[in-house]
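The values are calculated or read from the model by the stated rules, or taken from the named source; none is laboratory data. Every value quoted in this text rests on a predicted model; they were computed, and no experiment measured them. Positions of Cβ are generated from backbone atoms using ideal geometry, with glycine treated the same way; all protein chains shown enter the neighbour counts. For accessibility, only protein heavy atoms count, side chains too; no ligands or nucleic acids. Shrake-Rupley method; radii C 1.70, N 1.55, O 1.52, S 1.80 Å.
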Amino acid sequence: MAATLKLEIVTPEAKIFSDDVEMVTLTGIDGEMGIYPTHMPLMTQLVACEVVARKGSENIFLAVGDGFVQITGGRVGILTDMAIRAENIDEVAAEQARQKAEARLAEKLSEEESATVHAALVHATTQLKVKQRHKK
Amino acid sequence: MPSTRDIRRRIKSVKNTAQITKAMQMVAAAKMRRAQQAALVGRPYAQLLNEIMTEAAAHTIGFDHPLMQSRAGGKRAVIVVGTDRGLCGGLNSNLFREASKLDKNTTVFVTAGRKASQFVARTKRNLAAEFSFKDTPQFSEARAISKFAQDLFLKGDVDAVDILYPRFINTLMQQPQTVPFLPIGKLAAVTAGINAPKQELADSKGDEVFEFEPDEETVLGELLPHSLNFQMHQILLETKASEQSARMVAMKNATDNAKQIIKDLTLEYNKLRQANITKELLEITTAQMAVG
């Protein structure tokens, strides 16, 4: 029995995370789930959330955007449009991005634009949420 | 016979041209490196996307998505991905030569890049929409194009969509290539960008049973449009890499040509100058001899 899972998080820009961890917590479309090694093979959609990876006694927190998750016994593959480690989040920048996105939403937008702005808004709020949780 | 002053003027003008082309070559070289890099970083993503698609497809036998329906009609749309600016050698002309082979009456064109839309307008072809993309193509720009193509296809306006773009082979070689976009027939691997060997989808290990949440149809229904968007994005990135490489090579040739011309002109200029001096000397000596 494998004691670790390989967690891989990739975005179109880069491979953000790739390491062996003991447990992963993420939010799928049907709710939050914790994944241990030898989890049943599963494929689902990911919603913007905080992903927690436990490695030893240490917890690694990441803010991720929408995407897809593929879970096999020894591996968790996350395909998403944004992923950033909690300690790397720039709160000021995220807050600015959130305000800008909200201001843009108030304007009249085409369907295409509003999708982009929505994505930006989701990214920013997720980052803020994750950051604020770890301030305490 | 041009005078020495004319030649001097020409040398000066060619020198100016050489300076400009040299500068453009440098700029293109820098941009090329960035564009190639951008096309490469998408590779791990493409790989994982392929894997997920393979698994999903293997477990959804008999599943039919509107985007996968192949229809018998002859109407098709072609997305021509060109560049915004010229001065990139034969890149666009090669692309358009390929495009003009397509049947005018049954093909609708969708263009990305200014040169491509100019071509379609000039040759009075059927233009459905034109898009633009920046030097560093954004995912949202790709999504807009891909979304439009999907809509065309789903509405039944066209029965197939292809993409025609300059494929990046290496810095010296770019080749116009047509790839099928819609319908998604066999789930083909997303091209993983520059120089990547085109991977075929691996046969899935059928013994692994996958759970889907909420269900296969929903996951695959989200996955298909997303992978199309991503494919479009990769193609835009690759086009940019091709454009910058082609421009760099074209500008290098232009600079070399200009240098050669300067060399030839300088030789001619010196010859002429010497001939003039000799002539003058001859005149002086003859005059002296006549007097003396």
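Determine the shape class of the stretch A:5-86: with a ≥ b ≥ c the square roots of the Cα gyration tensor eigenvalues, call it rounded for a/c under 1.5, and otherwise prolate if a/b is greater than b/c, oblate otherwise.
Working: a/c = 1.38, a/b = 1.10, b/c = 1.25.
Because its axes are fairly even, with a/c under 1.5, the stretch A:5-86 counts as rounded.
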Degrees separating the helix A:111-133 axis from the principal Cα axis of chain A, which is the longest one:
60
What shape does the stretch A:90-133 take by its C-alpha gyration tensor, where a ≥ b ≥ c are the square roots of the eigenvalues and a/c under 1.5 counts as rounded, a/b above b/c as prolate, and the rest as oblate?
prolate
Cβ-placed point charges (K, R +1; D, E -1), dipole of the stretch A:50-136 about Cα centre in debye, nearest 20
520
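Would the stretch B:2-83 count as rounded, prolate or oblate if I go by the C-alpha gyration tensor, calling it rounded below 1.5 in a/c and otherwise prolate when a/b exceeds b/c, oblate otherwise? Show your work: numbers first, answer last.
Values: a/c = 9.99, a/b = 2.57, b/c = 3.89.
Oblate shape, in that a/c is at least 1.5 and b/c is the bigger or equal ratio.
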Members of B:101/B:134; B:12/B:134; A:100/B:22 lying beyond 32 Å, as alpha-carbon distances in this model show
B:12/B:134; A:100/B:22
Provide the per residue accessible area, probe 1.4 Å, for the stretch B:67-120, rounded to a whole number of square angstrom.
44
Under the Karplus relation 6.51 cos²θ - 1.76 cosθ + 1.60, θ = phi - 60°, what is the ordered set of whole-Hz ³J(HN,Hα) values for the stretch A:44-55, x standing for Gly and Pro?
8, 8, 9, 10, 4, 6, 9, 9, 10, 10, 9, 10
So what is Rg over Rh here for the protein assembly as shown, counting just Cα atoms and using Kirkwood for Rh?
1.17
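Relative contact order for the stretch A:5-86: what percent, with Cα pairs under 8 Å and sequence separation of 6 or more? Could you put the intermediate results ahead of the total?
Values: 221 pairs, mean separation 26.8, N = 82.
Here the relative contact order equals 33 percent.
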Roughly how large, in nm² to one decimal, is the mean projection of the convex hull of the alpha-carbon atoms in the stretch B:114-172?
5.4
Given contacts defined as C-alpha pairs under 8 Å and at least six residues apart, what's the relative contact order of chain B, whole-number percent?
31
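DSSP loop trypsin sites (Lys or Arg not before Pro) in the stretch A:74-129 with at most 14 other Cβ atoms within 10 Å of their Cβ, which ones? Mind dumping the intermediate values first?
Working: sites: A:75, A:85, A:98, A:100, A:104, A:108, A:129; in loops: A:108.
Loop-located and lightly packed - A:108.
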Of the candidates A:96, A:70, A:45, which one comes out as most mobile in a Gaussian network treatment of chain A with C-alpha springs shorter than 10 Å?
A:96
If I build a Gaussian network model for chain A, linking alpha-carbon pairs within less than 10 angstrom, which residue out of A:122, A:24, A:92 has the largest mean-square fluctuation?
A:92
If the only charges are +1 at each Lys and Arg Cβ and -1 at each Asp and Glu Cβ, what is the size of the charge dipole of the protein assembly as shown around the Cα centre, to the nearest 20 debye?
3320
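Could you work out the percent of alpha carbon pairs in chain B separated by over 36 Å, rounded to a whole number? Provide the component values of the computation, followed by the final result.
Numbers: 15179 of 42486 pairs.
The proportion of pairs with Cα distances above 36 Å equals 36 percent.
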Could you tell me what percent of the DSSP beta bridges with both partners in the stretch A:5-86 are antiparallel, to the nearest 5?
90
Collect residues whose amide H, placed 1.01 Å from N in the peptide plane, falls under 5 Å from the amide H of residue B:77; neighbours closer than 5 in sequence don't count.
B:108, B:159, B:160, B:161, B:162
³J(HN,Hα), Karplus 6.51/-1.76/1.60, whole Hz, each residue of the stretch A:60-73, x for Gly, Pro
10, 10, 9, 9, 10, x, 5, x, 10, 10, 10, 10, 10, x
With Cα coordinates, the longest principal axis of chain A makes an angle with the long axis of helix A:91-106, in degrees rounded to 10, of 50
Long-range amide H contacts for residue A:46: which residues qualify at under 5 Å (H placed 1.01 Å from N, peptide plane, sequence gap of 5 or more or a different chain)?
A:67, A:68, A:69
Highest GNM mean-square fluctuation, chain B, Cα pairs closer than 10 Å: which of B:182, B:102, B:236?
B:102
